[in-house]
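The values are calculated or read from the model by the stated rules, or taken from the named source; none is laboratory data. Remember, it's a predicted structure, so these values are computed and weren't measured experimentally. Note: ideal-geometry Cβ built from the backbone for every residue, glycine included; neighbour counts use all protein chains shown.
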Amino acid sequence: MNNTINIAVVGLGQVGIYLLNELNTKKKDIELKTGKKINIVAISARNINKKRQFKINKKIFFKNPLEIFNKSKVDILFEVIGQSDGLAKIAENNNVNLEFEASVAGGIPILRSIKEGLATNKILKVYGILNGTSNYILSEMENSNQSFSDVLKKAQKLGYAEPGNPKLDLNGFDAFAKVRILSALSFNSKISKHKCLMEGIEKIDLKDIKIANQLDLRIKLLGISELKNGHLFETVHPCLVSKNSYIGNVSGVMNAVILEGKPVGESILQGEGAGPGPTSSALLSDLLSILRGNIKKPLGVSVNKLKSLKPYNFNNYVNSLYLRFEVKDKPGVLSKITNRLAKYKISVKRLIQTPNKKDNKATIVIITHKTSELNCNNCLSIFKKNKDILKTPVLIRLYN
């Protein structure tokens, strides 16, 4: 590697522009730490005239990023627009680095911790809060007593949620994509394409947040990946967690990842999971890793050594459940519900009934003992046909 390294940045949104500014202002620091001078030779985005926070050098601007390679000699390219398929194999075949620290949990160095710091550990499980937008919304609903839609508008104003379509943050998809990357690195496996249990936070009601609060619980969107009997289990869904637990106190746009491994035990990493600052921090850590001349396998081991793990049958996934029923306030409704639960081998641990005398309605909240995913799905599908139950019951799993 020469002493001067030519760099290209493709994508000049919030993150790209922030990164460009960091690269320009930290040139001396980077040279001090790596012995390499960096030189930005190309930048690319769809629109050259868009108003941006920092000035861009129009002389090195390319509308089509693919033209960069014909016209400039580039050693390192930052791609901050989100394209990925099949790159690990290409990078390995060409003996170059493919780094993607910024793709999971913003500024937290979680991928490097798994690939390097914890490289000799047998990781059994990795889980946590992987989407800052959802975590902010749930925290803010609890703190401000405002509805989901009001808090979402606030999150969009603050730049925590996409202004146009924040769907991928809210429906669990973003967190799930991160779970799959964590699985591949933790278990030396191919990125899985199994059908899995994925739920987001769009259906979380302020009412459930308030009831959870009374029960000394909080709702968090958790991503979970673990090996169960050698089968890969990956899921993302809202969980009720104790207010006294570590994960129950990770609030706002914070992310947190908890790893369980042998012999290290439990490791926790927490930090800001979104925004141009934390993302640029992760991108620059990738840059320094490359400049130090450390060519590594993108996924920790050679692509052809990655295992194909069979999926765990998520019908066997076991949790206690929080069930909320909105019902007509009349005799016999509660016993119908508990009998139905008993029929599906779901036993009641705790029951709270709150009548609303004015409307002749009542709210029934049931916390169950542990039961399988199969039981809970079968059971809930039957409640949809009952005229005394006014809405589809709300189901949130308690995280064990």
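If the condition is being at pLDDT below 80, touching a helix residue (DSSP H, G or I) at 6+ places or on another chain (Cβ under 7 Å) and under 30 Å from residue 300 (Cα atoms), then region 41-95 contributes 80, 88, 89, 92. Kindly provide the set of residues from region 50-68 that are within 32 Å of the chain's Cα centre (by Cα) and in a helix (DSSP H, G or I), ordered by number. Answer for region 50-68, where residues must be within 32 Å of the chain's Cα centre (by Cα) and in a helix (DSSP H, G or I): 65, 66. Just one of the listed residues (229, 244, 319, 249) is polar (S, T, N, Q) and within 19 Å of residue 176 (Cβ to Cβ), and it is 319.
Each residue in region 351-400 was checked for being assigned to a strand (DSSP E or B) and either in contact (Cβ under 8 Å) with a residue 24 or more places away in the chain or surrounded by 15 or more Cβ atoms within 10 Å (Cβ to Cβ) (or both), and 19 pass.
For region 254-273, the condition of being farther than 29 Å from residue 190 by Cβ and surrounded by fewer than 18 Cβ atoms within 10 Å (Cβ to Cβ) holds for none of the residues.
Residues checked against (1) closer than 30 Å to residue 387 by Cα; (2) more than 18 Å from the chain's Cα centre (by Cα):
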| site | (1), (2) |
| --- | --- |
| 223 | no, no |
| 229 | no, yes |
| 245 | no, yes |
| 255 | no, no |
| 262 | no, yes |
| 306 | no, yes |
| 313 | no, yes |
| 321 | yes, yes |
| 328 | yes, yes |
